[in-house]
């Protein structure tokens, strides 16, 4: 009977050791999975920060009188657009948006324009003075 108990104890010990080995393997696999998940979280957070920084750094390339300007506001008034050049566009000139598919559009000072890349503007004298009328004397 003594041999039988020893044999049973050895079997129980072997089963316990097998169980321990399996648990250690499961733990090692879980640690690998945890490290992979942490890396995915880190990458996702970096992507979120990149998207947020791009959103905050959004800018538009526009042209006024053939000169390029970089603006960051999504909407600008005529007054704000007039202030971009140095010196600013004076009251003696009108500001127009180039409209490729139709007539150019005069921009009023209080008017708000939605910015987009490639917008083009030009200025022209506010009042065209045709000059003095000449008369001929015979």
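Residue 114 falls short on exactly one of the conditions (1) loosely packed, with under 15 Cβ neighbours inside 10 Å; (2) without any contact (Cβ under 8 Å) to a residue 40 or more places away in the chain; (3) within 29 Å of the chain's Cα centre (by Cα), and that condition is (2).
Of the residues making up segment 56-79, at least one is at pLDDT below 75 and either assigned to a helix (DSSP H, G or I) or surrounded by fewer than 10 Cβ atoms within 10 Å (Cβ to Cβ) (or both). Is it the case that some residue within segment 85-96 is in contact (Cβ under 8 Å) with a residue 24 or more places away in the chain and closer than 18 Å to residue 61 by Cβ? Yes; the residues of segment 85-96 include at least one that is in contact (Cβ under 8 Å) with a residue 24 or more places away in the chain and closer than 18 Å to residue 61 by Cβ.
The values are calculated or read from the model by the stated rules, or taken from the named source; none is laboratory data. Everything numeric in this text was worked out from a predicted model, so none of it was measured. Positions of Cβ are backbone-derived with ideal geometry, glycine not excepted, and every protein chain shown enters the neighbour counts.
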